[in-house]
Amino acid sequence: LYDNSAAIDNSDDGGAIYLNSVNHVTFSHCSIVSNHCGDEGGAIYLDSTNSHISLINNIIIANRAGDEGHVVFNKGNYDTINNNWWGDINPSSDNGLLVEWRSLDSNFHHVDGDPLRSQLKIEDNPVGINETAVATYYFVKSDGSLFTGELEAPVSFILPENIIKESSGKTKNTVYIKFKANQTGTYTITANLHGQMISNKVTITDKRVDPNLSIKVNDITEDQKPVAVINANNTLNGKAEVKLNSSAATYQVNIVNGKGNVTIDRNLTVGQYTATLSYDGDDTFMPSNKSTTFTVKERIDPNLNIKVDNITEGQKAIAVITANNSISCNMKVRLNDSSLACPVEIVNGTGNVTIDRNLSAGQYTATLIYDGDDTFMPSNKSTTFTVKDPRIDPKLNIKIKDVEAGQKAVAEITSDADLNGKWLPVEVKLKDYRYSYTGYVIDGKANITIDYVLPIGEHTATLYYPGNDEYKPVNKSTTFTVK
């Protein structure tokens, strides 16, 4: 590659550049000026028949050769010759390989005795979809006869987006390209020779048979699965797809001798749906889409209701159920998110079930689950109830006053409840320390000294009471400061 180079006032073999072996050489943006050779090649000489040269965007002026090729003498091949400034001497056809131009006065008339005219022929036009077509570039003489000489010039083809190239090649006097298309339409094929374009149009048609598709889906209720019934040409055997509305999910159906069906395995809500059958086609039948509509009908609301009264620890909760008075079936009652469910029999819309579990104090959610049937829609209904703790809240409180550095803190524990003279064992723990201090709440109060000299800063102390059969446990915290 010679790029942005200069060859000026040279007079050696080949003028400025002599290449005596196989080369693929490109001159781009070069100045090749006032070079001279006594025989062939005023500026450049390529001595190999397998060499290639491209000249692009160069200034090539005032070069001379004693015999042939004032600019280039080339025994090989020309690739791209584009956008060069030749001055008053242009490349000629001295060696029969490069046809360029020469300067003529404005009033000079030139007549080509046997001009050639380029042709682009598309065989078997129109062409069937996915069939191979051939576009052939060639020359004809002025009398209309085929040019049978050697076609050495580089011919390229320009294909539109929907045309697929299969292969290309050449004979002695033609250049051809094989292509196909998978969509019908009329497309322009263009051949390019040294920037001179010739075009022809090819028509792609679909020669296949209409498959005569049809699809039917009967109306259903919410609990049912729709079934698509397919009919087509009785010689059609292949696969098709069914899609609901604009969903991305598809359902494949095998068509055998023009018949097929597929169950759409989806739980569809009430409403109208469009089922679309799509067939991609094959070598015999063209692609086709057919649609139908069907309705998913609403089932009756079962009007479920569930009630559970509050209980105290140790008692069993009872769920009372009511529903539409024509419902007789089995339902389930589930507590919170438990995987365990209690079965309950509903007769003429009523039923109850004892939840046979020892429930600790707290709030619970009981959910009635009904799966529905052909008449009634599925439904869940929930209610909350409370299991009360029968023990007394001792209402213990903890307070620690701020102390000076070096002093020991004292936890003051009091109760807002009437403890009836009971002694309650309590424990005080310091956050971030492994020490704990114990004592008894007597007559509603206790003072527990924290027998540890704490560093300056804020500290957290927590009061623990484990509870017993009469009193609930306690866990309370407070903060204090060592100054």
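The values are calculated or read from the model by the stated rules, or taken from the named source; none is laboratory data. Remember, it's a predicted structure, so these values are computed and weren't measured experimentally. For neighbour counting, all protein chains shown are included, and Cβ atoms are generated from backbone atoms with ideal geometry for every residue, glycine included.
Values computed for the structure shown
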quantity: Pair list, Cβ < 6 Å and 6+ apart or interchain, from the stretch 435-447 residues that are in the same structural domain as TYR464 (by TED's automatic domain parsing) and of a type in the set (S, T, N, Q) to residues that are part of a strand (DSSP E or B) and surrounded by 13 or more Cβ atoms within 10 Å (Cβ to Cβ); calculated: SER436/GLU427; SER436/LYS429; THR438/GLU427; ASN447/VAL410; ASN447/GLU412
quantity: Which numbered condition LEU244 misses (of (1) loosely packed, with under 13 Cβ neighbours inside 10 Å; (2) closer than 17 Å to VAL296 by Cβ); calculated: (1)
quantity: Test: residue in the stretch 269-277 that is under 30 Å from ALA323 (Cβ atoms) and either surrounded by 13 or more Cβ atoms within 10 Å (Cβ to Cβ) or of a type in the set (A, V, I, L, M, F, W, C) (or both); calculated: yes
quantity: Filtered residues of the stretch 217-243 (kept if closer than 13 Å to THR292 by Cβ and either hydrophobic (A, V, I, L, M, F, W, C) or in the same structural domain as ASP374 (by TED's automatic domain parsing) (or both)); calculated: VAL217, VAL227, ALA228, VAL229, ILE230, VAL242
quantity: Given (1) over 30 Å from ILE327 (Cβ atoms); (2) loosely packed, with under 15 Cβ neighbours inside 10 Å, number of the condition THR375 does not satisfy; calculated: (1)
quantity: Matching residues in the stretch 421-430 - criterion: being over 12 Å from ILE450 (Cβ atoms) and either exposed (fewer than 13 other Cβ atoms within 10 Å of the Cβ) or within 60 Å of the chain's Cα centre (by Cα) (or both); calculated: GLY421, TRP423
quantity: Single unsatisfied condition, ASP265 versus (1) acidic (Asp, Glu); (2) surrounded by 14 or more Cβ atoms within 10 Å (Cβ to Cβ); (3) touching a Lys or Arg at 6+ places or on another chain (Cβ under 9 Å); calculated: (2)
quantity: Verdict on VAL111 being outside the structural domain of GLY149 (by TED's automatic domain parsing) and either modelled with pLDDT under 85 or exposed (fewer than 13 other Cβ atoms within 10 Å of the Cβ) (or both); calculated: yes
quantity: Flag if ALA228 is surrounded by 15 or more Cβ atoms within 10 Å (Cβ to Cβ) and over 30 Å from ASN162 (Cβ atoms); calculated: yes
quantity: Candidate set from the stretch 363-388 (those that are in a strand (DSSP E or B) and of a type in the set (A, V, I, L, M, F, W, C)); member that is modelled with the lowest pLDDT; calculated: PHE376
quantity: Hey, ILE220 closer than 23 Å to THR375 by Cα and surrounded by 13 or more Cβ atoms within 10 Å (Cβ to Cβ) or not; calculated: yes
quantity: Single unsatisfied condition, LYS172 versus (1) modelled with pLDDT of 90 or more; (2) part of a loop (DSSP other than H, G, I, E, B); (3) within 34 Å of the chain's Cα centre (by Cα); (4) exposed (fewer than 13 other Cβ atoms within 10 Å of the Cβ); calculated: (3)
quantity: Positions within the stretch 446-463 being in a strand (DSSP E or B) and either surrounded by 12 or more Cβ atoms within 10 Å (Cβ to Cβ) or of a type in the set (A, V, I, L, M) (or both), in sequence order; calculated: ALA446, ILE448, THR449, HIS459, THR460, ALA461, THR462, LEU463
quantity: Number of the exception - LYS207 against (1) under 34 Å from the mean Cα position of the chain (by Cα); (2) more than 28 Å from ASP371 (Cα to Cα); (3) among the charged types (D, E, K, R); (4) at pLDDT below 90; calculated: (1)
quantity: Lone qualifier among THR365, THR384, THR478 - being among the hydroxyl-bearing types (Ser, Thr, Tyr) and over 30 Å from ASP309 (Cβ atoms); calculated: THR478
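Yes/no per residue for (1) of a type in the set (Gly, Ala, Ser); (2) within 30 Å of TYR364 (Cα to Cα):
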| position | (1), (2) |
| --- | --- |
| THR375 | no, no |
| THR383 | no, yes |
| LEU396 | no, yes |
| ALA409 | yes, no |
| GLU427 | no, no |
| ALA446 | yes, no |
| TYR452 | no, no |
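Yes/no per residue for (1) on the phi < 0 side of the Ramachandran plot; (2) buried (at least 16 other Cβ atoms within 10 Å of the Cβ); (3) not hydroxyl-bearing (Ser, Thr, Tyr):
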site: GLN363; (1), (2), (3): yes, no, yes
site: LEU368; (1), (2), (3): yes, yes, yes
site: SER382; (1), (2), (3): yes, no, no
site: VAL387; (1), (2), (3): yes, yes, yes
site: GLN407; (1), (2), (3): yes, no, yes
